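Novice: Next up is a structure, given as structure tokens.
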Amino acid sequence: MAKQAAVWRRQGRRIALVPTMGALHEGHAALIRGASNLGDVVVVSIYVNPAQFGPGEDFSRYPRALAADAAMCRRLRVDAVFAPGRMYDRDHSTWVEEASMSKGRCGRSRPGHFRGVTTVVAKLFHIVQPDVAVFGQKDAQQCDVIQRMARDLDMPVRVVVAPTVREADGLALSSRNRYLTAAERKRAPRFAAVLKAAAKTGPDGAPALAANGLRREGFRVDYVEAVDGRLCAAVFLGKTRLIDNVPCR
Ligand code: AMP
């Protein structure tokens, strides 16, 4: 991958990277289409990054669908799929840690998660040498953390955030949606609906209103917080953890 990236760069072609963990869906497809408009060549990385999963989280059962993912990338005219089997040597001992944006919210509930994310994304940036990398708004805190990392460490890459893609019923697309039982899937759109309704109240009242509404609808609330004009939340529906965020001003 690094050799191919060097060839493209010598040719003066702009590389756009879309980092993913695979099990690709229309949310990823939208990122890939966005990347095609930003670069001359598009690279999609597919790697279920063990470093960003905590003990007891879903690393081993995270969906893996490389053949279908490759077919989708071909349809979208992706120039390269980078799907390494392993990205860490056995004695890997260097970590990239962002120490401000990664605190709170998902950082509080998932200790070590963002350290895993920043480390793997830094590695991907070094290997793929992208001019631009596209991330999804659904993972708003991740976007903030990566933008801060790129700025603080002078990484020569533009980090672009693309809007959240939703099902017709409002549920944000996620590879983890396939964990939901049929009954849970029916209730899941209430997550975004309750957030959107509460957001109308504005950032002061919205978090408590949304948290109460979500509990009433049978979600276990991990957090609801208003951050930088967005109402951000994580909930459990059964065993599945869902995250989402909507505008809130
Ligand atoms: P993942 O494979 O879940 O790690 O996600 C890879 C990238 O796709 C991340 O930048 C996510 O924010 C983005 N993404 C995931 N779901 C969506 C969605 N529904 N809409 C837009 N981007 C998404």
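Novice: How high is the FRET efficiency from residue 6 to residue 97, r the C-beta distance, R0 22 Å, rounded to 0.05?
Specialist: 0.20
Novice: With unit charges on the beta carbons (Lys and Arg positive, Asp and Glu negative) and the dipole taken about the Cα centre of region 129-193, which residue among 145, 130, 179 sits farthest to the positive side?
Specialist: Sorting the options by dipole projection puts first 179.
Novice: Using a 1.4 Å probe on the protein heavy atoms, what percent of the accessible area of the chain belongs to carbon and sulfur?
Specialist: Roughly 50 percent, rounded to a whole number.
Novice: How much accessible area per residue does region 1-135 have, counting only protein heavy atoms and a probe of 1.4 Å, in square angstrom?
Specialist: Accessible area per residue, region 1-135: 49 Å².
Novice: Also: Over the chain, with a Gaussian network built from C-alpha contacts below 10 Å, which listed residue (147, 11, 129) shows the highest mean-square fluctuation?
Specialist: Top of the fluctuation ranking is 11.
Novice: Of the candidates 131, 228, 79, which one comes out as most mobile in a Gaussian network treatment of the chain with C-alpha springs shorter than 10 Å?
Specialist: Per the Cα network of the chain with a 10 Å cutoff, 228 tops the list.
Novice: Now, a different point. With θ set to phi - 60°, apply the Karplus curve 6.51 cos²θ - 1.76 cosθ + 1.60 along region 168-182 and write out the HN-Hα couplings as whole Hz, x wherever there is a Gly or Pro.
Specialist: 4, 8, x, 5, 5, 4, 7, 4, 6, 4, 6, 6, 5, 6, 4
Novice: Whose amide H sits under 5 Å from the amide H of residue 227, counting only residues 5 or more places off or on another chain, with H placed in the peptide plane?
Specialist: 232
Novice: Continuing with this model, one more query. Using the crude model of +1 on Lys and Arg Cβ and -1 on Asp and Glu Cβ, and no other charge, please compute the dipole size for the chain relative to its Cα centre, in debye to 20.
Specialist: For this selection, approximately 500 debye.
Novice: What net charge do the residues around residue 41 carry, taking every other residue with its C-beta under 13 Å from that of residue 41, with Lys and Arg at +1 and Asp and Glu at -1?
Specialist: +2
Novice: Continuing with this model, one more query. Per 0.36 nm of contour for each residue apart, how much would the distance between residue 90 and residue 228 grow if the chain were fully extended, relative to their Cα-Cα spacing?
Specialist: Separation in residues times 0.36 nm, less the Cα-Cα distance, equals 45.8 nm.
Novice: Another one. Tell me, what ³J(HN,Hα) does each residue in region 86-102 have, in order and in whole Hz, if you take phi through Karplus 6.51 cos²θ - 1.76 cosθ + 1.60 with θ = phi - 60° and put x for Gly and Pro?
Specialist: The phi angles translate into 8, 10, 10, 5, 4, 9, 3, 8, 10, 10, 9, 10, 8, 10, 10, 5, 7 Hz.
Novice: Follow-up question, since we're still on this one. In sequence order, what are the phi-derived ³J(HN,Hα) couplings for region 183-196 according to the Karplus relation 6.51 cos²θ - 1.76 cosθ + 1.60 with θ = phi - 60°, rounded to whole Hz, with x for glycine and proline?
Specialist: Each residue's phi maps through the Karplus curve to give 5, 5, 4, 5, 7, 4, x, 5, 4, 5, 5, 5, 4, 4 Hz.
Novice: Any idea of the accessible area per residue across region 140-230, 1.4 Å probe, to the nearest Å²? Display every interim value, and only then the final one.
Specialist: Numbers: 4770 Å² over 91 residues.
With all protein chains present, region 140-230 gives 52 Å² per residue.
Novice: Once fully extended, how much extra length lies between residue 197 and residue 108, figured as 0.36 nm per residue of separation less the alpha-carbon to alpha-carbon distance?
Specialist: 29.5 nm
Novice: Of the candidates 199, 182, 99, which one comes out as most mobile in a Gaussian network treatment of the chain with C-alpha springs shorter than 10 Å?
Specialist: With Cα springs under 10 Å in the chain, the top fluctuation among 199, 182, 99 is at 182.
Novice: Give the shape of region 1-49 as rounded, prolate or oblate, defined through the alpha-carbon gyration tensor: a ≥ b ≥ c are the square roots of its eigenvalues, a/c under 1.5 means rounded, and otherwise the shape is prolate if a/b is larger than b/c and oblate if not.
Specialist: Cα axes put region 1-49 in the oblate bin.
Novice: Rounded, prolate or oblate: which fits the chain, taking a ≥ b ≥ c as square roots of the Cα gyration tensor eigenvalues, rounded meaning a/c under 1.5, else prolate when a/b beats b/c?
Specialist: prolate
Novice: Here is a follow-up. Please list, ordered by chain and number, the residues whose modelled amide H lies under 5 Å from the amide H of residue 136; skip anything fewer than 5 residues away on the same chain.
Specialist: 162
Novice: Which order do the peptides 115-125, 170-180 take when ranked by the mean count of other beta-carbon atoms within 10 Å per residue, highest first?
Specialist: Listed from highest to lowest mean packing, they are 115-125, 170-180.
The values are calculated or read from the model by the stated rules, or taken from the named source; none is laboratory data. Here the structure is a predicted model, which is why all the values come from computation and not from measurement. Cβ sites come from the backbone with ideal geometry, for glycine too, and all protein chains shown count toward neighbours. Accessible surface is based on the protein model in full, side chains and every heavy atom, while ligands, DNA and RNA are left aside. Shrake-Rupley method; radii C 1.70, N 1.55, O 1.52, S 1.80 Å.
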